[in-house]
Amino acid sequence: RPKPMLPVCGAPLVRWAALWLRAQGIREIVINLHHRGEQIEAELGDGSELGLAIAYSREDGEILGTGGGLRQARPLLDDGHGTPIVAMNGKIILDQALAPVLALHASLAAEATMLLRPDPEAERWGSLRVDPEGRVTHLLGKPGPKGQVGGAALMFTGVQVLAPRFLDRIPASGQQCVVRTAYSQLHAEGGAFAGFVTDAYWWEHSTRERYLQGVANVIEGRARVAHAPGPVRGVDPSAQIDATARVDPMTWIGPRVRVGAGAEIGPRVQLGAGVVVDPGVRVRDAIVWDDAHVTRDLEHEVLAR
């Protein structure tokens, strides 16, 4: 399945993303599809169930990259009135309010504004720095032409606010990176380019280890998300838990789950709908997808049917 379809407490990441956007007042969403994109479209449809209007942009052949996908989707994103575009990755959960990011974007008349965060590995990924007013001074570790002095090294979260004209800086065809094309060009010109720095919760789920940790963050409350699709811990009323089983409070147990006698569940465990856990099995720090059957002890694993 595509990474935006990884389930977190009963809902795939792409639904979490749509609900975050809705919580920020956004009602019109475009989703870029490529690997197994039909799963995402089946999950969200036209968005009406969520009070949204969702359109889809499809990469049917060559993967277009973080820039090429935006450029191809421009006809769906630009309303012709210069309304800013908010773009985000579909595999993240965050709890940053968008209003102050939009306010900075407007106050600096920025062509593009990145949401940035401190990160000890920022230099490894190509760091950014900003001045006290929020103007970006360094991109990919390199200073701009104005030679400003920036602050601490920061990392791009994948969330950005863009003027529609910014998309014209991305080459019109082929695989393109938005940072190394449009942002690099804007930075070299000394254009209006902003960075909003946040310490709010943000997590991306690009590896098994990060996925396991991200689910643990949600279950244990480190992700202070107001837009969650449902409860982030606890046992669904339809689950059948044997009286001799032990369930840690830091778990999420979905509908129709069956847990056998003497089993131990948790902490930091997510059991999807219809999961069966055999008697005596110990599950901790693990994710089990819908309808899987757990027949052995499980730790630091993601188990599918």
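Data for the structure
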item: Some residue of segment 222-229 being at pLDDT below 95 and over 30 Å from Leu77 (Cα atoms); result: yes
item: Any hit, segment 84-100, residues being on the phi > 0 side of the Ramachandran plot, open to solvent by less than 30 Å² (accessible area, probe 1.4 Å) and within 19 Å of the chain's Cα centre (by Cα); result: no
item: Of all residues making up segment 31-52, the number that are in contact with a Phe, Trp or Tyr (Cβ under 7 Å, 6 or more places away or on another chain) and either surrounded by fewer than 18 Cβ atoms within 10 Å (Cβ to Cβ) or on the phi > 0 side of the Ramachandran plot (or both); result: 1
item: Matching residues, segment 246-305, being polar (S, T, N, Q), free of Cβ contacts under 8 Å to residues at least 60 places away in the same chain and closer than 20 Å to Ala11 by Cα; result: Thr251
item: Selection count where residues are open to solvent by 50 Å² or more (accessible area, probe 1.4 Å) and touching a Lys or Arg at 6+ places or on another chain (Cβ under 9 Å), scope segment 249-281; result: 4
item: Residues of segment 18-41 that turn out to be more than 11 Å from the chain's Cα centre (by Cα), within 17 Å of Ser57 (Cα to Cα), among the hydrophobic types (A, V, I, L, M, F, W, C) and part of a helix (DSSP H, G or I), as a count; result: 1
item: Options Gly25, Gly37, Gly67, Gly61: the member that is touching a residue at least 40 places away in the same chain (Cβ under 8 Å) and either more than 21 Å from His227 (Cα to Cα) or of a type in the set (Val, Ile, Thr) (or both); result: Gly67
item: Residue check, Arg15 in a helix (DSSP H, G or I), touching a residue at least 40 places away in the same chain (Cβ under 8 Å) and either within 30 Å of Gly272 (Cα to Cα) or open to solvent by less than 60 Å² (accessible area, probe 1.4 Å) (or both); result: yes
item: Members of segment 213-229 found to be open to solvent by 30 Å² or more (accessible area, probe 1.4 Å) and either touching a residue at least 60 places away in the same chain (Cβ under 8 Å) or assigned to a strand (DSSP E or B) (or both), listed by number; result: Arg224, Ala226, Ala228, Pro229
item: Qualifying residue in segment 84-94 (condition: farther than 21 Å from Gly65 by Cβ, of a type outside the set (A, V, I, L, M) and touching a helix residue (DSSP H, G or I) at 6+ places or on another chain (Cβ under 9 Å)); result: yes
item: Filter result (aromatic (Phe, Trp, Tyr), open to solvent by less than 20 Å² (accessible area, probe 1.4 Å) and out of contact with any helix residue (DSSP H, G or I) (no Cβ under 6 Å at 6 or more places or on another chain)) within segment 167-203; result: Tyr183
item: Test result for Asp199, closer than 30 Å to Glu111 by Cα, assigned to a loop (DSSP other than H, G, I, E, B) and within 25 Å of the chain's Cα centre (by Cα); result: yes
item: Single residue of Val101, Val86 found to be in contact (Cβ under 8 Å) with a residue 60 or more places away in the chain, within 20 Å of Trp16 (Cα to Cα) and in a helix (DSSP H, G or I); result: Val101
item: Filter result for the condition that a residue is at positive phi, under 21 Å from the mean Cα position of the chain (by Cα) and of a type outside the set (A, V, I, L, M, F, W, C), over Gly174, Gly158, Gly141; result: Gly158
item: Tally of residues being in contact (Cβ under 8 Å) with a residue 40 or more places away in the chain and either in a strand (DSSP E or B) or in contact with a Lys or Arg (Cβ under 8 Å, 6 or more places away or on another chain) (or both) across segment 130-139; result: 4
item: Conditions (1) part of a loop (DSSP other than H, G, I, E, B); (2) more than 18 Å from Leu298 (Cβ to Cβ): number failed by Ala261; result: (2)
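The values are calculated or read from the model by the stated rules, or taken from the named source; none is laboratory data. Only a predicted model underlies this, so the values are computations on that prediction, with no experimental measurement involved. So basically every Cβ, Gly included, is an ideal-geometry build from the backbone, and we count neighbours across all protein chains shown. The area values use the complete protein model at the heavy-atom level, side chains included, leaving out ligands, DNA and RNA. Shrake-Rupley method; radii C 1.70, N 1.55, O 1.52, S 1.80 Å.
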